[in-house]
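See below for the structure under consideration.
The values are calculated or read from the model by the stated rules, or taken from the named source; none is laboratory data. Worth saying up front: this structure is predicted, and the values here are computed from it rather than measured. Here Cβ is always computed from backbone atoms with ideal geometry, including for glycine, and neighbour counts include all displayed protein chains.
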Amino acid sequence: MNNPKESQPKPSLEPKTVAESKTTMTEIVMPNDTNPLGNLMGGNLMRWMDIVSSICAAKHSKSLVVTVSVDNISFNTPIHLGEVVTLHAQITRAFNTSMEIFVEVFAQSLTGENIRKSNQAYFTFVAIDKETGRPKPVPPVIPLTEEEQKRYESALRRRELRLLLSGKLKPNQATEMIEFFKNIS
Ligand SMILES: CC(C)(COP(=O)(O)OP(=O)(O)OC[C@H]1O[C@@H](n2cnc3c(N)ncnc32)[C@H](O)[C@@H]1OP(=O)(O)O)[C@@H](O)C(=O)NCCC(=O)NCCS
């Protein structure tokens, strides 16, 4: 008799476009989301960024995902109580089990005035096999537009940098960064 687990279709690792997993989320800043100045609290914005980017990574990988790292979030403009926050997430590149997601955040008044970019960041997620709890492979990304191709190329350097900073890569193993610095000197 067939083992039911063996006969289940394996998730496809066919390459996917960036557009297939693009994700947008809209929130309104409520009193509970603010700091004592009446502006959106940074931690709440980071939570929304984590949510929108994890949905994007889950769509691309068709898998449960966990956040493994977040790069450099700066807050460029305060976002006020009652304003609308729109978060756009798109995948830049998939590696073996990890995916880099680019998130951009825009703020505007409830009636659509004063639209401004508030911030951006790169999040990295790892796809997790529900049964083993271990990382599992994800489909590659097909970058189509010029912008998608630029982010795809530069993702290698960002990956090396975060692995270096987390102590998972030795400086002499960071070949992309070594090449990059050679070429600008
Ligand atoms: C994510 C996790 C499963 C990775 O486990 P691990 O034993 O380090 O697994 P690996 O060494 O095989 O790394 C898996 C992937 O993560 C990447 N990775 C690990 N640490 C990383 C870091 N600091 N930054 C970026 N990527 C990282 C590796 O490069 C690898 O990617 P690849 O397969 O595409 O090359 C584990 O660290 C974990 O469970 N972390 C907690 C996640 C969590 O709870 N997040 C918050 C709640 S969602």
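Observations, loosely collected:
- Some residue of segment 161-173 being surrounded by 15 or more Cβ atoms within 10 Å (Cβ to Cβ) and away from the ligand (no atom under 16 Å from the Cβ): no
- Yes/no for residue 154 being surrounded by fewer than 17 Cβ atoms within 10 Å (Cβ to Cβ) and under 25 Å from residue 16 (Cα atoms): yes
- Positions within segment 53-69 being more than 9 Å from the ligand (Cβ to nearest atom) and under 10 Å from the mean Cα position of the chain (by Cα), in sequence order: 53, 55, 56, 57
Quick grid of which residues meet (1) aromatic (Phe, Trp, Tyr); (2) at pLDDT 95 or above; (3) under 20 Å from residue 56 (Cα atoms):
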{"site": "125", "(1), (2), (3)": "yes, yes, yes"}
{"site": "132", "(1), (2), (3)": "no, yes, no"}
{"site": "136", "(1), (2), (3)": "no, yes, yes"}
{"site": "147", "(1), (2), (3)": "no, yes, yes"}
{"site": "157", "(1), (2), (3)": "no, no, no"}
{"site": "175", "(1), (2), (3)": "no, no, no"}
{"site": "185", "(1), (2), (3)": "no, no, no"}
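- Residue 78 falls short of the stated requirement of being near the ligand (Cβ under 9 Å from one of its atoms), over 16 Å from residue 55 (Cβ atoms) and not small (Gly, Ala, Ser).
- Out of 31, 11, 36, sole residue that is out of contact with any strand residue (DSSP E or B) (no Cβ under 8 Å at 6 or more places or on another chain), surrounded by fewer than 19 Cβ atoms within 10 Å (Cβ to Cβ) and at pLDDT below 95: 11
- Screening residue 138 with (1) in contact with a Leu (Cβ under 8 Å, 6 or more places away or on another chain); (2) of a type in the set (A, V, I, L, M, F, W, C); (3) within 23 Å of residue 106 (Cβ to Cβ) gives one miss only, at (3).
- Search result, residues across segment 99-129 that are within 16 Å of the ligand (Cβ to nearest atom) and either aromatic (Phe, Trp, Tyr) or surrounded by fewer than 21 Cβ atoms within 10 Å (Cβ to Cβ) (or both): 102, 121, 122, 123, 125, 128, 129
- Applying the criterion of being farther than 17 Å from residue 52 by Cα and more than 13 Å from the ligand (Cβ to nearest atom) to the residues of segment 81-98, the residue that is nearest to the chain's Cα centre (by Cα) is 83.
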